[in-house]
Amino acid sequence: MFDLLIIGGGGAGLSAALAAHDAGAKVGVLGKNYPTRSQTSMAQGGINAAIGNIEPDSVEAHIADTLKSAHTLADEGMVRRLCEKAPDAIGWLDRIGTPFSRLEDGRVAQRRLGGASGKRACYAQDYTGLKILHTLHDTALKQGIEFLSEYYLLNFIVEEGRVLGVTAVEMATGEVKAIGAKSVVVASGGYAGLYRGFTTNSSATTGDGVAAAIRAGCVLSDLEYVQFHPTALRSSGILISESARGAGGRLLNSKGEHFVDELLTRDQVAKAIWEQLESGEEVFLDIRHLGEAFVEENLPQERKLAKLYEGIDPVTDLIPIKPVAHYTMGGIDVDHMHCTKVKGLYAAGECANSKVHGANRLGGNSLLETIVFGREAGENAAAFARQHGDVNPRNSEQFEKDRSFVAAIPHFTNQIDFYEKRDFLGKIFYRNVGIVRNEMGLKGVLSVIRQMQKELPFMGIADKSREYNTNLIEFIEFGNMVELAEAILVCAISRKESRGAHQREDHPREEKSYDGVHSLSWKHDGTLCNEFGGLA
């Protein structure tokens, strides 16, 4: 049994683990992949902090940029905490060995990302998330933190309103395990994997922690807010970092016309590109004028990806791009202590809605949130564990229920191929729950999703083996995706306005009546409920 069990080994999870370990807690980190494969490794551009190494900057300017980008849906107190702690977060990452790019005098280099009033993002070439992740992982290994990798989360074990641990499939054996913990931090990432084939995210970002949270009694908020990154490679959807635009890259249509300010916020740039594509134009990112030396020094990954997936060299060729789903602003609703509605259950990182991103996340703030709020969540969960006694989840009703469910899956009829449904889900979400939406399209997709829910008992798996059965895991993931899809759609239909990443062509204006108003989703006796509420 652990004092604290963390679900997810990305930036937020590892930051929480290190903070809780420093507080004296016995910590375990559970994940369906190894930590170095987490979504944090995909973050390229940088991590924001007002340290002013390139040009004058201030915490107040960072706060103002974040609030402006959020379109009234951010909690100013949480934003202030995030921005005020940013310089210390960079100092901590620097001390534990993060290989940031440097100025000639040895200070951490910074660059400008979209929506920022200056050069604020600290970076490590265009591998920022990867370098931070590996540094955190190495530090956790040195500290002796225990990793339960290749364990797939099923559900949280909750009794009398308090979390007692989790149920999970040990992928190596196929057995369902009950893992006890005095407190739990969910850091399992977002749900942009629903846009399969049209996302910068890995196929593992299926919202498992978020789906398990709503089943456990947590409230989800602002699920309709999905950020689309303006520049992904056209053929593959692989991310081309915002740093390419921050360095002076230009967006051109097929006529060679420059049609948008590249350093506006992501919602504005993505919409401008979408409108070009809808009018029949192709769109390209042009970094040829930056020169080969600059690209090799600052954007080496972008060049490699363009060569590999598009067959072009950005030093001499235009990069064909399109906007795709990138980041989910909504998630598990948490209070100022990062605690959910369930006692002892905390959440941090992309799976959580800590009210700092609002309707549109500012580039460079996601990595910052994983570090600052990940550490806070770890400290708070460790404090909860110190104040509460041991737990024994092995005889819980949840454990028996989940063990029976997993044992039954190989016997499902498998009349319908869920892989085809999963790919179809990605296509209709991108087209109808994408950058521009309308009620007819949203309700059409909702009808499809509810039909998928009815068909789930007629889906199943072909692989009946127990060890490393990816067919089984992907089937359970699909169930989580369908469950979340319904909630996302209900929220998107209910919000009859356009704000940030939620653009309704049938309600094109930002309505004052929705200022500071969050969509809330929860389950009551298994039925999805939804309403709007103000700031917590």
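What's the exposure ranking of 486, 104, 477, 224, going from fewest to most Cβ atoms within 10 Å?
Numbers: 486 19, 104 6, 477 23, 224 27.
Neighbour counts put them in this order, fewest first: 104, 486, 477, 224.
If the Kirkwood radius is taken over C-alpha pairs of segment 136-270, then at 25 °C and 0.890 mPa s the Stokes-Einstein diffusion coefficient equals 133 µm²/s.
Subtracting the Cα-Cα distance of residue 202 and residue 104 from 0.36 nm times their residue separation leaves 31.7 nm of extension gain.
Within the set of other residues whose C-beta is less than 11 Å from the C-beta of residue 90, count the net charge using Lys and Arg as +1 and Asp and Glu as -1.
On the way: positive: 85, 95, 107, 120; negative: 88, 94.
Combined, the nearby Lys, Arg, Asp and Glu give +2.
FRET efficiency for the pair residue 297 and residue 275, taken as 1/(1 + (r/R0)^6) with r the Cβ-Cβ distance and R0 = 41 Å, rounds to 0.75. Number of Lys-Lys pairs in segment 409-513 with C-alpha atoms under 17 Å apart and a separation of 8 or more places or on different chains: 5. Note on residue 468 and residue 282: with the Förster distance fixed at 56 Å, the Cβ-Cβ geometry gives a FRET efficiency of about 0.85.
Note on segment 490-536: semi-axes of the ellipsoid equivalent to its C-alpha gyration tensor, largest first and rounded to whole Å, are 22, 13, 7.
By the scheme Lys and Arg +1, Asp and Glu -1, what is the net charge of all other residues having a beta-carbon under 11 Å from that of residue 422? Don't jump to the answer; show the numbers that get you there.
On the way: positive: 196, 421, 427; negative: 417, 420, 423, 474, 477.
Local net charge: -2.
Quick one: Karplus J couplings for segment 79-86, per residue in order, coefficients 6.51, -1.76, 1.60, θ = phi - 60°, nearest Hz, x for Gly and Pro? Working through the residues one at a time gives 4, 4, 4, 4, 6, 5, 8, 4 Hz. Computed from label points 7 Å out along Cα-Cβ, the spacing between residue 400 and residue 138 is 4.9 nm.
The mean sequence distance of close C-alpha pairs (under 8 Å, at least 6 residues apart), as a share of the length of segment 409-513, puts its relative contact order at 36 percent. Annotation: extensible slack from residue 313 through residue 254 equals 19.5 nm (criterion: 0.36 nm per residue apart, minus Cα-Cα distance). Rg and Dmax of the chain, both derived from C-alpha coordinates alone, stand at 22.1, 67 Å. Based on DSSP H runs of at least 4 residues, each adding -39500 (n - 2.57), what is the mean residue ellipticity at 222 nm of the chain after dividing by all its residues, to the nearest 500 deg cm²/dmol? After summing the helix terms and dividing by the residues of the chain, the value is -11500 deg cm²/dmol. One decimal place: the segment residue 420-residue 454 gains 10.7 nm when fully extended, by the rule 0.36 nm per residue minus the C-alpha distance.
For segment 307-458, the alpha carbon convex hull comes to 216 Å³ per residue, rounded to a whole number. Could you tell me which of rounded, prolate or oblate describes segment 389-536, using a ≥ b ≥ c as the square roots of the eigenvalues of the alpha-carbon gyration tensor, with rounded for a/c under 1.5 and, failing that, prolate when a/b is larger than b/c and oblate otherwise? Oblate shape, in that a/c is at least 1.5 and b/c is the bigger or equal ratio.
The relative contact order of the chain comes to 21 percent, based on Cα pairs under 8 Å that sit 6 or more residues apart. What the phi angles of segment 496-510 give under the Karplus curve with 6.51, -1.76 and 1.60, with θ = phi - 60°, is a coupling list of 8, 6, 10, 7, x, 6, 9, 10, 9, 5, 8, 9, x, 9, 7 Hz, glycine and proline written as x. For residue 196, the residues whose modelled amide H falls within less than 5 Å of its own, excluding neighbours fewer than 5 places apart on the same chain, are 426.
Treating r as the C-beta distance of residue 407 and residue 149 and R0 as 22 Å, the FRET efficiency rounds to 0.40.
Every number in this text was worked out from the coordinates using simple rules, so none of it is lab data. Treat the numbers as computed from the prediction; the structure is a model and nothing was measured. Positions of Cβ are generated from backbone atoms using ideal geometry, with glycine treated the same way; all protein chains shown enter the neighbour counts.
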